[in-house]
Amino acid sequence: MTDYDEENSKLTVKFVYYGPAMSGKTTNLMRLHDLLNSQLKGEIMTMETQNDRTLFFDLLPLGFKTPSGLLVKFKLFTVPGQVAHDATRKAVLSRADGVVFVADSQRSQGVNNSESFNNLVANIGRVGLDFDTLPLVIQFNKRDLPEVYSEEELRERWAKTPWPLVFSVAMLGEGVRETLKALMTQVYPLLDKRHKLEAVHGMDFDAFMTATLG
């Protein structure tokens, strides 16, 4: 679903961070802004409610130019975790090229994680995306808190699924770059197939990852 502007030689790729309220979606984007050395990095834009929960979305723009002059721009969004804002979730999710599901590792949040993931699956279909082919990464955040599911439990529970799992402490920047890398690893072959990044624009996988993640 990438947006290719041939006239201006620009390719825009959209990633969405999805998950329950307060799981760390916004924190992921804030830490990425601090950590990444992208050639073109804009300011993070945040819309918040009075209680500091994200109401609409956060947007972190990243990008670089290929040797051919093609501008590759990434837009990273979060969705609101609150059930009341499901219409906004769907609007933000629309035309996504990849999704990170940010789960809260605390045992007390197991039900919220499951409900949010089921909502993601339903909304992917509602906005016309293909759940079976959409690049997806599962991040279990807040690993530094007490009473969290162990990595062994989570790996066993998700063993039959095809998606990579990343364990993180987003507040400290741990695992956030690795999460984006796992998503980029899935997305690059699709972009290369559609837009001939290597053959026409001189960006093989390694160059693509370096330009994005530093």
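The values are calculated or read from the model by the stated rules, or taken from the named source; none is laboratory data. What you see is a predicted model; the values in this text were computed from it and never measured. All Cβ positions, glycine included, derive from the backbone under ideal geometry; neighbour counts span all protein chains shown. Calculation scope for accessible area: heavy atoms of the full protein, side chains included, ligands and nucleic acids excluded. Shrake-Rupley method; radii C 1.70, N 1.55, O 1.52, S 1.80 Å.
It is to be established whether one or more residues within the range 8-17 are touching a helix residue (DSSP H, G or I) at 6+ places or on another chain (Cβ under 9 Å) and not in a strand (DSSP E or B).
No, because not a single residue in the range 8-17 is touching a helix residue (DSSP H, G or I) at 6+ places or on another chain (Cβ under 9 Å) and not in a strand (DSSP E or B).
On the given criteria, is L165 under 19 Å from G98 (Cβ atoms), at pLDDT 95 or above and not β-branched (V, I, T)?
Details: under 19 Å from G98 (Cβ atoms): yes; at pLDDT 95 or above: yes; not β-branched (V, I, T): yes.
Yes, satisfied.
Within the bounds of the range 203-211, is there any residue that is open to solvent by 30 Å² or more (accessible area, probe 1.4 Å), farther than 24 Å from P80 by Cβ and of a type in the set (G, A, S)?
Among the residues of the range 203-211, at least one is open to solvent by 30 Å² or more (accessible area, probe 1.4 Å), farther than 24 Å from P80 by Cβ and of a type in the set (G, A, S), which makes the answer yes.
Out of the range 153-165, which residues are assigned to a loop (DSSP other than H, G, I, E, B) and either touching a residue at least 60 places away in the same chain (Cβ under 8 Å) or surrounded by 13 or more Cβ atoms within 10 Å (Cβ to Cβ) (or both)?
Residues of the range 153-165 that are assigned to a loop (DSSP other than H, G, I, E, B), as a first pass: 158-164.
Residues satisfying the conditions are W158, W163, P164.
Which number in (1) closer than 20 Å to D34 by Cα; (2) modelled with pLDDT of 95 or more marks the one condition that A211 misses?
(2)
Note down all Cβ pairs under 6 Å where the first residue falls in the range 26-52 and is of a type in the set (A, V, I, L, M) and modelled with pLDDT of 85 or more, the second is surrounded by 12 or more Cβ atoms within 10 Å (Cβ to Cβ) and part of a strand (DSSP E or B), and they're at least six residues apart or on different chains.
So the pair list comes out as L29/D58; L29/L60; L29/L76.
Every residue in the range 1-10 that is modelled with pLDDT under 90 and open to solvent by less than 80 Å² (accessible area, probe 1.4 Å), please.
Matches in the range 1-10: T2, D5.
From the list V13, V72, pick out the single residue that is modelled with pLDDT of 90 or more, β-branched (V, I, T) and under 29 Å from N118 (Cα atoms). Talk me through it step by step, then tell me what you get.
Working: V72 fails: under 29 Å from N118 (Cα atoms).
Selected residue: V13, the only one of V13, V72 that is modelled with pLDDT of 90 or more, β-branched (V, I, T) and under 29 Å from N118 (Cα atoms).
Need the failing condition index for M203 against (1) hydrophobic (A, V, I, L, M, F, W, C); (2) under 21 Å from R31 (Cα atoms); (3) outside any helix (DSSP H, G or I), just the number.
The failed condition is (2).
When you scan the range 122-129, do you find a residue that is assigned to a loop (DSSP other than H, G, I, E, B), under 21 Å from the mean Cα position of the chain (by Cα), closer than 20 Å to K25 by Cβ and of a type outside the set (S, T, N, Q), even just one? Give the steps one after another, and end with the answer.
Applying the first criterion (assigned to a loop (DSSP other than H, G, I, E, B)) to the range 122-129 yields 127-129.
Next, from what is left, pick out any that are under 21 Å from the mean Cα position of the chain (by Cα): 127-129.
Add one more test, that the residue is closer than 20 Å to K25 by Cβ, and what stays is 127, 129.
Checking the rest, the ones that are also of a type outside the set (S, T, N, Q) come to 127, 129.
Scanning the range 122-129, I find at least one residue that is assigned to a loop (DSSP other than H, G, I, E, B), under 21 Å from the mean Cα position of the chain (by Cα), closer than 20 Å to K25 by Cβ and of a type outside the set (S, T, N, Q), so the answer is yes.
Assigned to a loop (DSSP other than H, G, I, E, B) and open to solvent by 50 Å² or more (accessible area, probe 1.4 Å) - does that describe any residue in the range 174-193?
Initial filter on the range 174-193 (assigned to a loop (DSSP other than H, G, I, E, B)): 175.
Narrowing further to those that are open to solvent by 50 Å² or more (accessible area, probe 1.4 Å): none.
Scanning the range 174-193 turns up no residue that is assigned to a loop (DSSP other than H, G, I, E, B) and open to solvent by 50 Å² or more (accessible area, probe 1.4 Å).
Could you list, ordered by first residue, the pairs with Cβ atoms under 9 Å in which the first is in the range 195-214 and touching a residue at least 12 places away in the same chain (Cβ under 8 Å) and the second is open to solvent by less than 80 Å² (accessible area, probe 1.4 Å) and basic (K, R), at least 6 apart or interchain?
These pairs meet every condition: L213/R177; G214/R177.
If you check S168, S108, S116, S150, which single one turns out to be without any contact (Cβ under 8 Å) to a residue 24 or more places away in the chain and among the small types (G, A, S)? Even if it seems obvious, please write down each step before you answer.
Working: S168 fails: without any contact (Cβ under 8 Å) to a residue 24 or more places away in the chain; S108 fails: without any contact (Cβ under 8 Å) to a residue 24 or more places away in the chain; S116 fails: without any contact (Cβ under 8 Å) to a residue 24 or more places away in the chain.
Just one listed residue meets the conditions, S150.
Of the residues V92, V99, only one is modelled with pLDDT of 95 or more, out of contact with any Cys (no Cβ under 9 Å at 6 or more places or on another chain) and either surrounded by 16 or more Cβ atoms within 10 Å (Cβ to Cβ) or assigned to a strand (DSSP E or B) (or both); which?
Details: V92 fails: modelled with pLDDT of 95 or more.
From the options V92, V99, the qualifying one is V99.
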